[in-house]
Structures are given as C-alpha cells and as structure tokens.
Amino acid sequence: MPYKLIKSNLVIIATLLVAALFASCNRTSTNTESPVVPDTQASPGPSPKTGFEADLEYVRKGQYTYVWVFSRKDGKPLDKNDAAYLRTNAPQVVDWVTSEEGKRVIAGTNFDLAQGNLALLKRRFNVEDYTGKE
C-alpha cells in the first residue's frame, strides 16, 4: 500500500511542476511604460566615398610620399598613347589608378616627380599635386 501512496504523490508533484513551468513561461510584462527614447538624434555617418574621392583614398592608403593627378588638357579620356607616355616619362610611379571614366589618372609614388620629368608631363597634361592634401 505505501507504494501506491508514493506513486500518487509523485504524480501530483510532477503535475504541479509541469503546471508551474507552463505558468512561468507564459508571463507577460505588466510594465506599460513606453521605452525611453534619447532626446538627441543620431547623426548619420559620413557617406561612403565614390568616384574620384574613393580612387584617391585608395592610392593614399598605399602610403606613398607623393600623389599626383593627371588629365588631358582637352578634357577627353586618356587613351593608350597617353598611358604609354605617362609610364615612359614617370617610371618611378608605383601605382596608377584611372578615375572619372578614364578622364583622370592618379599616381602614387615615393619619388618626387619634380626632380624627374614633371615639366615634360605638364606640357601634355594638366597636373595636380595631391601630396599631403586631405
């Protein structure tokens, strides 16, 4: 007889435990306050750089001492002859990046082109010195 009494007590305890678990899982918060919203609006982050700015940043990340930008004087895109002329007369340039649909090319180098053929390059191209400009 004690076996039946223990068995019935275990069933009752197990049922109460299961009921307690279900009751605790279904509780909802009685807090009706609205969430706290900060008074200051978060300012949007800087917009991602595109086009020439992104290309210039890419060359600058190369940590070159000098950054030069070349474009044709007539404003047209640089062609194969222009590219060959630049490579021939500025062989010290390590990184060439074409930008603005081929109308400008950004050069990264650790050699001061003013000590080389910069005067010759200026006869054929518009030359902008971006060294140290942010």
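Okay, here's what the table says:
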| item | result |
| --- | --- |
| Stretchable slack from Ala54 to Lys103, in nm (0.36 nm times residue separation minus alpha-carbon distance) | 16.1 nm |
| Label-zone membership for region 89-113, site Asn81, 7 angstrom Cα→C-beta point, backbone N under 19 Å | 89-90, 102-105 |
| Solvent-accessible area per residue for region 48-134 (1.4 angstrom probe, square angstrom) | 61 Å² |
| Cα-based radius of gyration of region 45-123 once divided by 2.2 N^0.38 Å, which approximates compact folds | 1.11 |
| Area accessible to solvent at Glu53, 1.4 Å probe radius, in Å² | 110 Å² |
| Members of Lys80/Lys133; Lys49/Lys73; Lys80/Lys103; Lys49/Lys80 lying beyond 23 Å, as alpha-carbon distances in this model show | Lys80/Lys133; Lys49/Lys73; Lys49/Lys80 |
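The values are calculated or read from the model by the stated rules, or taken from the named source; none is laboratory data. Since the structure is predicted, the reported quantities are computational estimates derived from the model, not experimental observations. Because the Cβ atoms are built from the backbone with ideal geometry, glycine has one as well, and the counts that use them run over all protein chains shown. The area values use the complete protein model at the heavy-atom level, side chains included, leaving out ligands, DNA and RNA. Shrake-Rupley method; radii C 1.70, N 1.55, O 1.52, S 1.80 Å.
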